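To keep things clear, I will list the structure first and then write my remarks on it.
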Amino acid sequence: MRRNKNISKKEKTAPGTLIHVGKEYDKQSLTLIEYDSDYFNESKLDNLNDFINSSSHNFWLNIDGLSNIELIKKAGEIFNLHPLILEDILNTTERTKIDFYEDKIFIITKLLSVNDTKFEILDEQISLILTPNGVITFREKKGNTFENVLERLKRGTSIRKNGPSYLLYALLDSIADSYFDTLEKIDEKIDLIEEELMTNPKEDLLKKIYEIKREMVYLRNAVWPLRNVINTLIISDMDFIDDKTKIYMRDVYDHIVQIIDIIETYRDIISGMLDTYLSSISNKINEVMKFLTIFSTIFIPLTFLAGIYGMNFQNIPELTWQYGYLFFWVLSSIILLFLIRFFKRKKWL
(Lines give C-alpha, C1' and ligand atoms only; values in the text may rest on other atoms or scores of the structure.)
Protein backbone atom coordinates (compact mmCIF):
# COMPACT_ATOMS: atom_id res chain seq x y z
CA MET A 1 0.00 0.00 0.00
CA ARG A 2 1.16 3.46 -0.74
CA ARG A 3 2.26 5.34 2.34
CA ASN A 4 3.48 8.89 2.74
CA LYS A 5 7.02 7.99 3.74
CA ASN A 6 7.94 11.61 4.25
CA ILE A 7 5.10 12.35 6.63
CA SER A 8 6.22 14.62 9.41
CA LYS A 9 4.53 16.84 11.92
CA LYS A 10 3.12 19.94 10.36
CA GLU A 11 5.66 22.71 10.75
CA LYS A 12 4.60 25.71 12.78
CA THR A 13 4.87 28.72 10.53
CA ALA A 14 3.78 32.29 10.63
CA PRO A 15 0.50 33.01 8.84
CA GLY A 16 1.10 33.49 5.15
CA THR A 17 4.23 31.31 5.04
CA LEU A 18 3.72 28.40 2.67
CA ILE A 19 5.74 25.23 2.89
CA HIS A 20 5.42 22.44 0.36
CA VAL A 21 4.90 19.20 2.32
CA GLY A 22 4.20 15.94 0.55
CA LYS A 23 5.00 14.26 -2.75
CA GLU A 24 6.30 15.30 -6.13
CA TYR A 25 3.67 16.69 -8.47
CA ASP A 26 2.94 16.95 -12.15
CA LYS A 27 3.35 20.22 -13.97
CA GLN A 28 0.46 22.47 -13.10
CA SER A 29 -2.43 23.16 -15.45
CA LEU A 30 -5.31 25.55 -14.97
CA THR A 31 -8.79 25.06 -16.40
CA LEU A 32 -11.56 27.61 -16.09
CA ILE A 33 -15.15 26.61 -16.80
CA GLU A 34 -17.89 29.24 -16.82
CA TYR A 35 -21.49 28.17 -17.04
CA ASP A 36 -25.12 28.84 -16.36
CA SER A 37 -28.35 27.32 -17.70
CA ASP A 38 -27.76 28.76 -21.22
CA TYR A 39 -23.99 29.24 -21.31
CA PHE A 40 -20.87 27.08 -21.19
CA ASN A 41 -17.26 27.96 -21.85
CA GLU A 42 -14.10 25.98 -21.10
CA SER A 43 -10.67 27.57 -21.37
CA LYS A 44 -7.09 26.77 -20.45
CA LEU A 45 -5.24 29.47 -18.54
CA ASP A 46 -1.51 30.12 -18.65
CA ASN A 47 -1.63 31.76 -15.24
CA LEU A 48 -4.12 33.21 -12.80
CA ASN A 49 -3.52 36.71 -14.13
CA ASP A 50 -5.73 35.59 -17.02
CA PHE A 51 -8.58 34.75 -14.65
CA ILE A 52 -11.59 36.90 -15.45
CA ASN A 53 -15.03 35.78 -14.33
CA SER A 54 -18.23 37.56 -15.05
CA SER A 55 -20.47 37.78 -12.01
CA SER A 56 -23.35 36.68 -14.23
CA HIS A 57 -21.83 33.19 -14.68
CA ASN A 58 -20.94 30.48 -12.25
CA PHE A 59 -17.40 29.14 -12.53
CA TRP A 60 -15.29 26.11 -11.79
CA LEU A 61 -11.55 26.72 -11.60
CA ASN A 62 -9.52 23.52 -11.51
CA ILE A 63 -5.80 23.56 -10.69
CA ASP A 64 -3.90 20.32 -11.32
CA GLY A 65 -0.55 20.02 -9.58
CA LEU A 66 0.78 21.86 -6.55
CA SER A 67 4.42 22.43 -7.49
CA ASN A 68 4.13 26.18 -8.07
CA ILE A 69 3.80 27.81 -4.67
CA GLU A 70 3.63 31.27 -6.22
CA LEU A 71 0.54 30.19 -8.13
CA ILE A 72 -1.09 29.06 -4.89
CA LYS A 73 -0.25 32.43 -3.34
CA LYS A 74 -1.77 34.16 -6.35
CA ALA A 75 -4.96 32.12 -5.93
CA GLY A 76 -5.04 33.23 -2.31
CA GLU A 77 -4.83 36.87 -3.35
CA ILE A 78 -7.47 36.68 -6.08
CA PHE A 79 -10.03 34.74 -4.03
CA ASN A 80 -9.09 36.21 -0.65
CA LEU A 81 -8.23 32.82 0.83
CA HIS A 82 -7.15 32.55 4.43
CA PRO A 83 -3.42 31.70 4.88
CA LEU A 84 -4.39 28.51 6.74
CA ILE A 85 -6.31 27.36 3.66
CA LEU A 86 -3.23 27.79 1.51
CA GLU A 87 -1.09 25.87 3.99
CA ASP A 88 -3.57 23.00 4.10
CA ILE A 89 -3.73 22.84 0.31
CA LEU A 90 0.02 22.32 0.06
CA ASN A 91 0.24 19.94 3.02
CA THR A 92 -0.90 16.76 1.31
CA THR A 93 -0.81 14.74 4.53
CA GLU A 94 -3.88 16.51 5.89
CA ARG A 95 -6.81 14.45 7.13
CA THR A 96 -10.21 14.79 5.47
CA LYS A 97 -11.94 17.78 7.02
CA ILE A 98 -14.19 20.79 6.46
CA ASP A 99 -13.66 24.40 7.54
CA PHE A 100 -16.10 27.32 7.33
CA TYR A 101 -15.06 30.87 6.62
CA GLU A 102 -17.13 34.03 6.22
CA ASP A 103 -17.99 33.50 2.55
CA LYS A 104 -16.28 30.20 1.78
CA ILE A 105 -16.35 26.52 2.63
CA PHE A 106 -13.05 24.65 2.47
CA ILE A 107 -12.98 20.87 2.16
CA ILE A 108 -10.05 18.46 2.06
CA THR A 109 -10.68 14.87 1.03
CA LYS A 110 -8.82 11.91 -0.42
CA LEU A 111 -9.27 10.44 -3.87
CA LEU A 112 -8.43 6.73 -3.85
CA SER A 113 -7.50 4.33 -6.62
CA VAL A 114 -5.83 0.93 -6.93
CA ASN A 115 -2.68 0.04 -8.84
CA ASP A 116 -3.85 -2.74 -11.18
CA THR A 117 -0.47 -4.50 -11.26
CA LYS A 118 0.42 -4.46 -7.56
CA PHE A 119 -3.09 -4.03 -6.07
CA GLU A 120 -1.76 -1.11 -4.03
CA ILE A 121 -4.06 1.67 -2.82
CA LEU A 122 -2.99 5.03 -4.21
CA ASP A 123 -4.24 8.26 -2.70
CA GLU A 124 -4.47 11.82 -3.92
CA GLN A 125 -5.50 14.84 -1.90
CA ILE A 126 -8.31 16.95 -3.33
CA SER A 127 -8.97 20.43 -1.96
CA LEU A 128 -12.32 22.05 -2.75
CA ILE A 129 -13.37 25.62 -2.02
CA LEU A 130 -16.99 26.66 -2.39
CA THR A 131 -17.65 30.36 -2.94
CA PRO A 132 -20.98 32.14 -3.56
CA ASN A 133 -20.49 32.04 -7.35
CA GLY A 134 -18.05 29.21 -8.01
CA VAL A 135 -15.96 26.23 -6.98
CA ILE A 136 -12.15 26.00 -6.90
CA THR A 137 -10.47 22.59 -6.89
CA PHE A 138 -6.82 21.83 -6.21
CA ARG A 139 -5.47 18.41 -7.22
CA GLU A 140 -2.05 16.85 -6.76
CA LYS A 141 -1.92 15.63 -10.33
CA LYS A 142 -3.89 15.35 -13.52
CA GLY A 143 -6.58 12.72 -13.80
CA ASN A 144 -9.95 11.91 -15.29
CA THR A 145 -11.89 11.46 -12.05
CA PHE A 146 -13.97 14.58 -12.68
CA GLU A 147 -14.38 13.88 -16.40
CA ASN A 148 -17.98 12.77 -15.89
CA VAL A 149 -18.78 16.05 -14.10
CA LEU A 150 -17.26 18.01 -16.97
CA GLU A 151 -19.31 16.02 -19.49
CA ARG A 152 -22.48 16.78 -17.57
CA LEU A 153 -21.64 20.48 -17.68
CA LYS A 154 -21.04 20.28 -21.41
CA ARG A 155 -24.32 18.48 -22.06
CA GLY A 156 -26.27 21.11 -20.18
CA THR A 157 -27.91 18.82 -17.66
CA SER A 158 -29.34 19.87 -14.30
CA ILE A 159 -25.87 20.64 -13.03
CA ARG A 160 -25.84 23.84 -15.10
CA LYS A 161 -29.28 24.91 -13.92
CA ASN A 162 -28.23 24.93 -10.27
CA GLY A 163 -25.72 26.96 -8.32
CA PRO A 164 -22.11 26.22 -7.31
CA SER A 165 -23.23 24.18 -4.31
CA TYR A 166 -24.72 21.64 -6.74
CA LEU A 167 -21.37 21.48 -8.56
CA LEU A 168 -19.71 20.78 -5.21
CA TYR A 169 -22.19 17.96 -4.67
CA ALA A 170 -21.36 16.52 -8.11
CA LEU A 171 -17.62 16.59 -7.36
CA LEU A 172 -18.06 14.91 -3.96
CA ASP A 173 -20.34 12.33 -5.54
CA SER A 174 -17.66 11.60 -8.13
CA ILE A 175 -15.11 11.09 -5.34
CA ALA A 176 -17.52 8.73 -3.58
CA ASP A 177 -17.89 6.76 -6.82
CA SER A 178 -14.11 6.36 -6.94
CA TYR A 179 -14.33 4.63 -3.55
CA PHE A 180 -16.73 2.08 -5.02
CA ASP A 181 -14.25 1.43 -7.84
CA THR A 182 -11.48 0.97 -5.28
CA LEU A 183 -13.58 -1.46 -3.26
CA GLU A 184 -14.32 -3.44 -6.41
CA LYS A 185 -10.57 -3.90 -6.96
CA ILE A 186 -10.12 -4.82 -3.30
CA ASP A 187 -12.89 -7.40 -3.68
CA GLU A 188 -11.01 -8.99 -6.58
CA LYS A 189 -7.88 -9.19 -4.44
CA ILE A 190 -9.81 -10.76 -1.58
CA ASP A 191 -11.23 -13.37 -3.98
CA LEU A 192 -7.73 -14.28 -5.18
CA ILE A 193 -6.48 -14.64 -1.61
CA GLU A 194 -9.50 -16.74 -0.63
CA GLU A 195 -8.93 -19.05 -3.61
CA GLU A 196 -5.28 -19.49 -2.69
CA LEU A 197 -6.25 -20.01 0.94
CA MET A 198 -8.64 -22.83 0.08
CA THR A 199 -6.39 -24.59 -2.43
CA ASN A 200 -2.76 -24.19 -1.39
CA PRO A 201 -2.00 -21.86 1.53
CA LYS A 202 1.69 -21.00 1.44
CA GLU A 203 3.86 -19.06 3.84
CA ASP A 204 3.77 -15.86 1.74
CA LEU A 205 -0.04 -15.88 1.94
CA LEU A 206 0.12 -14.62 5.50
CA LYS A 207 2.02 -11.56 4.27
CA LYS A 208 -0.66 -10.89 1.64
CA ILE A 209 -3.41 -11.11 4.24
CA TYR A 210 -1.65 -8.67 6.56
CA GLU A 211 -1.00 -6.29 3.66
CA ILE A 212 -4.65 -6.15 2.62
CA LYS A 213 -5.65 -5.84 6.27
CA ARG A 214 -3.48 -2.72 6.57
CA GLU A 215 -4.95 -1.40 3.33
CA MET A 216 -8.47 -1.75 4.72
CA VAL A 217 -7.47 0.17 7.85
CA TYR A 218 -6.02 2.90 5.64
CA LEU A 219 -9.14 2.94 3.48
CA ARG A 220 -11.37 3.16 6.53
CA ASN A 221 -9.38 6.09 7.92
CA ALA A 222 -9.72 7.90 4.59
CA VAL A 223 -13.48 7.35 4.19
CA TRP A 224 -14.83 7.73 7.71
CA PRO A 225 -14.08 11.48 8.06
CA LEU A 226 -15.85 12.19 4.76
CA ARG A 227 -19.11 11.07 6.34
CA ASN A 228 -18.78 13.82 8.92
CA VAL A 229 -17.89 16.33 6.19
CA ILE A 230 -21.05 15.53 4.21
CA ASN A 231 -23.21 15.60 7.32
CA THR A 232 -21.77 19.00 8.26
CA LEU A 233 -22.67 20.34 4.81
CA ILE A 234 -26.22 19.03 5.17
CA ILE A 235 -26.83 20.78 8.49
CA SER A 236 -24.96 23.92 7.45
CA ASP A 237 -26.84 27.21 7.41
CA MET A 238 -24.61 28.92 4.81
CA ASP A 239 -26.77 30.98 2.45
CA PHE A 240 -25.10 29.76 -0.75
CA ILE A 241 -25.86 26.08 -0.08
CA ASP A 242 -29.30 25.47 -1.57
CA ASP A 243 -31.82 23.37 0.32
CA LYS A 244 -32.35 21.44 -2.92
CA THR A 245 -28.64 20.59 -2.99
CA LYS A 246 -28.78 19.33 0.59
CA ILE A 247 -31.23 16.66 -0.55
CA TYR A 248 -28.62 15.42 -3.03
CA MET A 249 -25.96 15.66 -0.34
CA ARG A 250 -27.98 13.18 1.71
CA ASP A 251 -27.66 10.77 -1.19
CA VAL A 252 -23.85 11.13 -1.08
CA TYR A 253 -24.03 10.61 2.68
CA ASP A 254 -25.93 7.36 2.12
CA HIS A 255 -23.26 6.26 -0.36
CA ILE A 256 -20.50 6.96 2.16
CA VAL A 257 -22.35 4.99 4.83
CA GLN A 258 -22.73 2.13 2.36
CA ILE A 259 -19.01 2.28 1.58
CA ILE A 260 -18.18 2.18 5.29
CA ASP A 261 -20.43 -0.87 5.72
CA ILE A 262 -18.64 -2.62 2.85
CA ILE A 263 -15.27 -1.78 4.37
CA GLU A 264 -16.34 -3.21 7.73
CA THR A 265 -17.59 -6.35 5.97
CA TYR A 266 -14.30 -6.75 4.15
CA ARG A 267 -12.41 -6.29 7.41
CA ASP A 268 -14.44 -9.11 8.97
CA ILE A 269 -13.78 -11.31 5.93
CA ILE A 270 -10.05 -10.62 6.11
CA SER A 271 -9.99 -11.37 9.84
CA GLY A 272 -11.80 -14.63 9.04
CA MET A 273 -9.22 -15.42 6.35
CA LEU A 274 -6.45 -14.87 8.87
CA ASP A 275 -8.11 -17.28 11.31
CA THR A 276 -8.65 -19.78 8.50
CA TYR A 277 -5.01 -19.55 7.46
CA LEU A 278 -3.79 -20.11 11.02
CA SER A 279 -6.22 -23.01 11.41
CA SER A 280 -5.04 -24.51 8.12
CA ILE A 281 -1.40 -24.33 9.19
CA SER A 282 -2.33 -25.78 12.58
CA ASN A 283 -4.20 -28.64 10.88
CA LYS A 284 -1.19 -29.38 8.71
CA ILE A 285 1.02 -29.53 11.79
CA ASN A 286 -1.54 -31.77 13.51
CA GLU A 287 -1.57 -34.11 10.50
CA VAL A 288 2.21 -34.39 10.63
CA MET A 289 2.17 -34.96 14.39
CA LYS A 290 -0.60 -37.54 13.97
CA PHE A 291 1.44 -39.48 11.40
CA LEU A 292 4.56 -39.37 13.55
CA THR A 293 2.60 -40.45 16.63
CA ILE A 294 1.01 -43.42 14.84
CA PHE A 295 4.35 -44.37 13.34
CA SER A 296 6.00 -44.23 16.76
CA THR A 297 3.14 -46.17 18.39
CA ILE A 298 3.48 -48.97 15.86
CA PHE A 299 7.19 -49.34 16.48
CA ILE A 300 7.10 -49.07 20.28
CA PRO A 301 6.22 -52.80 20.84
CA LEU A 302 8.61 -53.84 18.07
CA THR A 303 11.35 -51.81 19.69
CA PHE A 304 10.45 -53.44 23.00
CA LEU A 305 10.86 -56.94 21.53
CA ALA A 306 14.09 -55.99 19.81
CA GLY A 307 15.38 -54.57 23.08
CA ILE A 308 14.59 -57.77 25.00
CA TYR A 309 16.22 -60.09 22.50
CA GLY A 310 19.12 -57.74 22.11
CA MET A 311 20.18 -58.17 25.75
CA ASN A 312 23.47 -59.98 26.36
CA PHE A 313 22.19 -62.68 28.73
CA GLN A 314 23.21 -66.28 28.06
CA ASN A 315 20.08 -67.91 29.49
CA ILE A 316 17.48 -66.35 27.20
CA PRO A 317 15.18 -69.36 26.38
CA GLU A 318 14.78 -68.56 22.70
CA LEU A 319 18.46 -67.82 22.18
CA THR A 320 19.32 -71.29 20.95
CA TRP A 321 15.90 -72.13 19.56
CA GLN A 322 16.02 -73.20 15.91
CA TYR A 323 12.96 -71.11 14.97
CA GLY A 324 13.65 -68.19 17.32
CA TYR A 325 14.47 -65.72 14.53
CA LEU A 326 11.37 -66.70 12.54
CA PHE A 327 9.23 -66.48 15.69
CA PHE A 328 10.47 -62.92 16.29
CA TRP A 329 9.37 -61.75 12.83
CA VAL A 330 6.03 -63.54 12.99
CA LEU A 331 5.27 -61.98 16.37
CA SER A 332 6.36 -58.56 15.11
CA SER A 333 4.15 -58.89 12.01
CA ILE A 334 1.13 -59.91 14.10
CA ILE A 335 1.60 -56.89 16.39
CA LEU A 336 2.07 -54.61 13.36
CA LEU A 337 -1.09 -55.85 11.61
CA PHE A 338 -3.10 -55.66 14.81
CA LEU A 339 -2.13 -52.04 15.45
CA ILE A 340 -2.81 -51.01 11.86
CA ARG A 341 -6.26 -52.64 11.99
CA PHE A 342 -6.94 -51.00 15.35
CA PHE A 343 -6.01 -47.52 14.04
CA LYS A 344 -8.20 -47.98 10.96
CA ARG A 345 -11.19 -49.00 13.07
CA LYS A 346 -10.68 -45.87 15.10
CA LYS A 347 -10.41 -43.93 11.77
CA TRP A 348 -7.04 -42.60 12.76
CA LEU A 349 -5.64 -43.88 9.45
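Listed values, structure above:
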read-out	value
Pair list, Cβ < 9 Å and 6+ apart or interchain, from segment 274-287 residues that are closer than 16 Å to residue 205 by Cα to residues that are among the charged types (D, E, K, R)	274/213; 276/194; 281/203
Options 285, 209, 241, 281: the member that is at pLDDT below 90, touching a helix residue (DSSP H, G or I) at 6+ places or on another chain (Cβ under 9 Å) and surrounded by fewer than 16 Cβ atoms within 10 Å (Cβ to Cβ)	281
Selection count where residues are in a helix (DSSP H, G or I) and at pLDDT 80 or above, scope segment 310-342	19
Test: residue 294 is at negative phi, at pLDDT below 80 and of a type in the set (Val, Ile, Thr)	no
Selected residue (criterion: farthest from residue 181 (Cα to Cα)) from residues of segment 95-128 that are in contact with a Gly (Cβ under 9 Å, 6 or more places away or on another chain) and modelled with pLDDT of 85 or more	125
Those strands (runs of 3 or more DSSP E) lying entirely in segment 55-117 with at least 3 residues buried (at least 21 other Cβ atoms within 10 Å of the Cβ) and either more than 30 Å from the chain's Cα centre (by Cα) or outside the structural domain of residue 164 (by TED's automatic domain parsing) (or both)	none
Selection count where residues are in contact with a His (Cβ under 9 Å, 6 or more places away or on another chain) and among the small types (Gly, Ala, Ser), scope segment 28-79	2
Test: residue in segment 153-164 that is closer than 18 Å to residue 88 by Cα and polar (S, T, N, Q)	no
Failed condition for residue 270, given (1) more than 22 Å from residue 183 (Cα to Cα); (2) within 15 Å of the chain's Cα centre (by Cα)	(1)
Top-ranked residue in segment 15-46 [being part of a loop (DSSP other than H, G, I, E, B) and modelled with pLDDT of 80 or more; ranked as nearest to residue 167 (Cα to Cα)]	37
Residue match in segment 150-172 (condition: part of a helix (DSSP H, G or I), touching a Ser or Thr at 6+ places or on another chain (Cβ under 8 Å), at pLDDT below 90 and not basic (Lys, Arg))	no
Residue 216 being of a type in the set (A, V, I, L, M), at pLDDT below 90 and either assigned to a helix (DSSP H, G or I) or under 30 Å from residue 58 (Cβ atoms) (or both)	yes
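This table checks each residue for (1) closer than 30 Å to residue 187 by Cβ; (2) surrounded by fewer than 19 Cβ atoms within 10 Å (Cβ to Cβ); (3) touching a strand residue (DSSP E or B) at 6+ places or on another chain (Cβ under 8 Å).
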{"residue": "121", "(1), (2), (3)": "yes, no, yes"}
{"residue": "126", "(1), (2), (3)": "yes, no, yes"}
{"residue": "135", "(1), (2), (3)": "no, no, yes"}
{"residue": "140", "(1), (2), (3)": "yes, no, yes"}
{"residue": "144", "(1), (2), (3)": "yes, yes, no"}
{"residue": "152", "(1), (2), (3)": "yes, yes, no"}
{"residue": "155", "(1), (2), (3)": "no, yes, no"}
{"residue": "158", "(1), (2), (3)": "no, yes, no"}
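The values are calculated or read from the model by the stated rules, or taken from the named source; none is laboratory data. Every value quoted in this text rests on a predicted model; they were computed, and no experiment measured them. Ideal geometry is used to build each Cβ from the backbone, glycine not excepted, and the neighbour counts take in all protein chains shown.
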